[in-house]
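The values are calculated or read from the model by the stated rules, or taken from the named source; none is laboratory data. Being a predicted model, the structure only gives us computed values, none of them experimental. Cβ coordinates were reconstructed from backbone atoms using ideal geometry, including for glycine residues, and neighbour counts include every protein chain displayed. Surface accessibility is based on the protein's heavy atoms, side chains included, excluding ligands, DNA and RNA. Shrake-Rupley method; radii C 1.70, N 1.55, O 1.52, S 1.80 Å.
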Amino acid sequence: AQSVTQPDIHITVSEGASLELRCNYSYGATPYLFWYVQSPGQGLQLLLKYFSGDTLVQGIKGFEAEFKRSQSSFNLRKPSVHWSDAAEYFCAVGAMGGGNKLTFGTGTQLKVEL
Amino acid sequence: GAVVSQHPSRVICKSGTSVKIECRSLDFQATTMFWYRQFPKQSLMLMATSNEGSKATYEQGVEKDKFLINHASLTLSTLTVTSAHPEDSSFYICSAREGSTNTEAFFGQGTRLTVV
């Protein structure tokens, strides 16, 4: 069975600082990996996804993530955080092209200090 | 990206009543829709997968008679919480995809259900 672990429940960073959110997955075949962001009371917005090819994936809002098969990781990064990035971030793994059901991690709550 | 709309965004109902949540794909035909439930400060848990014109497939532990899912058209799926109880209070989110499993699924904005 597929699973996703986000080790950090809460992270606080200063505005302008760099950010890395960790994600580790367990999946028997080639994973399809996603990062979503959720603002309070809102649905999910896709930040980026990895299906195949280049292991460094660029997403929206200046985010990027790197797929490392050897470490079963798909960490999300941003070089300079903005106050508007404060939200809940979810890593997810899916089968096939991601149009199948997704398994989500427990999420990381990001707080940005001004 | 494609747009998926959920309605209502918030609903309060009395215990024992039923409430219906709609999920619509606005600019594409959704052959498959997924319903998730999110408890406060927790992750999303898949409840069921519905394909247009067929019965929904429920995840283990989800009561299909309590959470009725209908996917009668390519643009609309509904989730009906029957005989609601306070423990059904939660955030429900749908997602929809067009075509094969190799296409991305898009999420609605969610529905906050409160049962009093």
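The set of residues in the range A:63-94 being of a type in the set (Gly, Ala, Ser), open to solvent by 20 Å² or more (accessible area, probe 1.4 Å) and either in a loop (DSSP other than H, G, I, E, B) or within 14 Å of chain B (Cβ to nearest Cβ) (or both) consists of A:SER72, A:SER80, A:ALA86. The one condition from (1) open to solvent by 70 Å² or more (accessible area, probe 1.4 Å); (2) part of a loop (DSSP other than H, G, I, E, B); (3) more than 20 Å from A:LEU46 (Cβ to Cβ) that B:SER15 does not meet is (1). Applying the criterion of at least 2 residues that are without any contact (Cβ under 8 Å) to a residue 40 or more places away in the chain to the strands (runs of 3 or more DSSP E) found wholly in the range B:64-116 leaves B:67-73. If I filter the range A:99-112 for residues that are closer than 25 Å to B:TYR92 by Cβ, more than 9 Å from chain B (Cβ to nearest Cβ) and either at pLDDT 95 or above or open to solvent by 10 Å² or more (accessible area, probe 1.4 Å) (or both), do I get at least one hit? Yes, the range A:99-112 contains a residue that is closer than 25 Å to B:TYR92 by Cβ, more than 9 Å from chain B (Cβ to nearest Cβ) and either at pLDDT 95 or above or open to solvent by 10 Å² or more (accessible area, probe 1.4 Å) (or both). Once the range B:49-77 is narrowed to residues that are open to solvent by less than 40 Å² (accessible area, probe 1.4 Å) and touching a Ser or Thr at 6+ places or on another chain (Cβ under 6 Å), the residue that is farthest from A:LEU102 (Cα to Cα) is B:LYS66.
Out of curiosity, is B:ILE21 among the β-branched types (Val, Ile, Thr) and open to solvent by less than 10 Å² (accessible area, probe 1.4 Å)? So B:ILE21 passes the test. Of all the numbered requirements in (1) over 13 Å from the mean Cα position of the chain (by Cα); (2) farther than 27 Å from A:HIS10 by Cα; (3) small (Gly, Ala, Ser), B:SER25 misses one, and that requirement is (1).
Quick one: in the range A:1-13, of everything that is open to solvent by 60 Å² or more (accessible area, probe 1.4 Å) and among the polar types (S, T, N, Q), which residue is nearest to A:SER72 (Cα to Cα)? Once the filter is applied, the top-ranked residue is A:THR5. Scanning the range B:79-101 for residues that are open to solvent by 40 Å² or more (accessible area, probe 1.4 Å) and more than 18 Å from B:GLN29 (Cα to Cα), we see that the one that is farthest from the other protein chains (Cβ to nearest Cβ) is B:SER83. Being facing chain A (nearest Cβ under 9 Å) and touching a strand residue (DSSP E or B) at 6+ places or on another chain (Cβ under 8 Å) holds for only one residue in B:LEU76, B:LEU44, and it is B:LEU44.
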